[in-house]
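Structure first, then comments.
The values are calculated or read from the model by the stated rules, or taken from the named source; none is laboratory data. This one's a predicted model, so the numbers in the text were calculated from it and none came from an experiment. Positions of Cβ are backbone-derived with ideal geometry, glycine not excepted, and every protein chain shown enters the neighbour counts. Accessible surface is based on the protein model in full, side chains and every heavy atom, while ligands, DNA and RNA are left aside. Shrake-Rupley method; radii C 1.70, N 1.55, O 1.52, S 1.80 Å.
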Amino acid sequence: MPPSRSAEERCSQLWERRGHMNPFVFNTTKSVVFENGAAVRIAALAGGLLGKACLLITDPGLRKLGLCDPCIDALEKAGHQVTVFDDVEADPSRETLMRAVEVGRSAGATGVIGFGGGSSQDVAKLVALLLGSDEDLDAAWGVGQAKGPRLPLVLVPTTAGTGSEVTPVSIITVGAEEKRGVSSPVILPDMAILDASLTVGLPASITAATGVDAMVHAIESYASVNANNNPVSKLLAREALRLLGANIETVVADGSNLEARGAMLLGSMLAGQAFANSPVAAVHALAYPIGGTFHIPHGLSNALVLPHVLRFNAPQAGSVYAEIAADAFPELAEIEGGQARTAAFVDALTDLSKRLGLPPRLRDVDIPQSAIPKMAEDAMVQARLLVNNPREVSQADAQAIYEAAW
């Protein structure tokens, strides 16, 4: 159902209140460990929390690379039984989720570890929920519907992009294309282990796409017109942009730079904390059909529509984008005038994607122009995201944005 007020009215009223202390709620992961090599200390850090029977959820690529083996070995040496589910795919399906639940149930899992990118972490969140409460998944979709309890949950990210280790959100593909989400503080993990050494071998293309994804989280969180947009999220979003903007080109050019990798991982987490409490908007809403229908990685899907959504939003949100432009690109501080700086910000993001080697247009990832009307229709399903956008987005607007991106 459409909101009772237009996005422009909500946007105007929110920004008119800036400077006042509005009520808000800020939730995040209970414990964050940031340390190179921390993953091999998982038994010492989280063994007592996880219990004797651990279910580790990851993807086949990481399992084949052996990246999670030191973590598994450490747990087993400490006396834990470890069952591995390594069938998580990109844009994980409901079927994959339910198979992981059955594996965990058969193993008598007492705790769950999500090891990998956003897909593995999202599956781990819902496995912990479904094993801990036997909750009906169909009753948990949406915002605040999951009731719990869940099993103890530890997340170990291997990419610097999703921020899933500190968000109360899990996205699952239902049917052929539809993405559904569970958003609830119940699925926030007990611990996030940020070990930059796990990201060193990440290919440049994935490093670039996930890094831009994290930047999108920070930008959309800062400009969100959600009623829970708050000073804490805003501060975190700006620091995230500073870290990400300063280091993304370095890690794409030199993936072995551990200091830059750590900065990206921290920036991704901070952006995750920001958007977990001040939710994302139209960039993500329009990215989901790209990933769901054409199986384009989520970070790249965001990058493809980002500049076009920002240009669309600029009449309402230009002054807000101008506030954060120099956080990502310090040279933009010299540009006077909100709209001029916002235009330069959008151009800088476009140029950054090109320098990182990301495809710039929908046609470059083999999306036919004929698919655009259906994509626009599918984007409108993401009402929970669109309602946070600074400017109201109609289906015709979504189609025009896709046309501009094509």
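Observations
- Only a single criterion out of (1) modelled with pLDDT of 95 or more; (2) within 15 Å of the chain's Cα centre (by Cα) is not satisfied by Glu249, namely (2).
- Candidate set from segment 379-406 (those that are at pLDDT below 95 and part of a helix (DSSP H, G or I)); member that is least open to solvent (accessible area, probe 1.4 Å): Leu385
- Where a residue in segment 28-41 is in contact (Cβ under 8 Å) with a residue 12 or more places away in the chain and its partner, wherever it lies, is in a helix (DSSP H, G or I) and of a type in the set (Val, Ile, Thr), with Cβ under 9 Å and at least six apart: Thr28/Val166; Thr29/Val166; Val32/Val166
- In segment 139-158, the residues that are within 15 Å of Gln121 (Cβ to Cβ), open to solvent by less than 10 Å² (accessible area, probe 1.4 Å) and in a loop (DSSP other than H, G, I, E, B): Thr158
- Within segment 100-115, restricting attention to residues that are crowded, with 16+ Cβ neighbours inside 10 Å and part of a helix (DSSP H, G or I), the residue that is farthest from the chain's Cα centre (by Cα) is Ala107.
- Qualifying residue in segment 270-280 (condition: outside any helix (DSSP H, G or I), within 26 Å of Asn22 (Cβ to Cβ), open to solvent by less than 10 Å² (accessible area, probe 1.4 Å) and of a type in the set (Gly, Ala, Ser)): yes
- Single residue of segment 116-138 satisfying the filter (of a type in the set (D, E, K, R) and open to solvent by 10 Å² or more (accessible area, probe 1.4 Å)) that is nearest to Val200 (Cα to Cα): Asp122
- Considered as a group, the residues in segment 19-50 that are over 26 Å from the mean Cα position of the chain (by Cα) and part of a loop (DSSP other than H, G, I, E, B) include one that is modelled with the lowest pLDDT, and that residue is Gly19.
- Checked against the criterion of being of a type in the set (Lys, Arg), closer than 18 Å to Thr28 by Cβ and modelled with pLDDT of 95 or more, segment 92-100 has no qualifying residue.
The rows are residues; the columns are (1) part of a helix (DSSP H, G or I); (2) among the small types (Gly, Ala, Ser).
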site	(1), (2)
Ala246	yes, yes
Ser256	no, yes
Gly267	yes, yes
Leu306	yes, no
Gly318	yes, yes
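- Segment 375-389 residues that are on the phi > 0 side of the Ramachandran plot, paired with ones that are among the hydroxyl-bearing types (Ser, Thr, Tyr) (beta carbon under 9 Å, 6 or more apart): none
- Test result for Gly357, in a loop (DSSP other than H, G, I, E, B), more than 25 Å from Val182 (Cα to Cα) and among the small types (Gly, Ala, Ser): yes
- Output for segment 159-211, where each listed residue is in a loop (DSSP other than H, G, I, E, B), open to solvent by 20 Å² or more (accessible area, probe 1.4 Å), of a type in the set (A, V, I, L, M) and in contact (Cβ under 8 Å) with a residue 60 or more places away in the chain: Val200
- Sole residue being over 28 Å from Gly175 (Cβ atoms) and part of a helix (DSSP H, G or I), chosen from Cys71, Cys54: Cys71
- Condition check for Ala314 on (1) closer than 26 Å to Thr158 by Cβ; (2) of a type in the set (A, V, I, L, M, F, W, C); (3) at pLDDT 95 or above: one failure, at (1).
- Flag if Asp87 is surrounded by fewer than 15 Cβ atoms within 10 Å (Cβ to Cβ) and either closer than 21 Å to Leu194 by Cβ or not β-branched (Val, Ile, Thr) (or both): no
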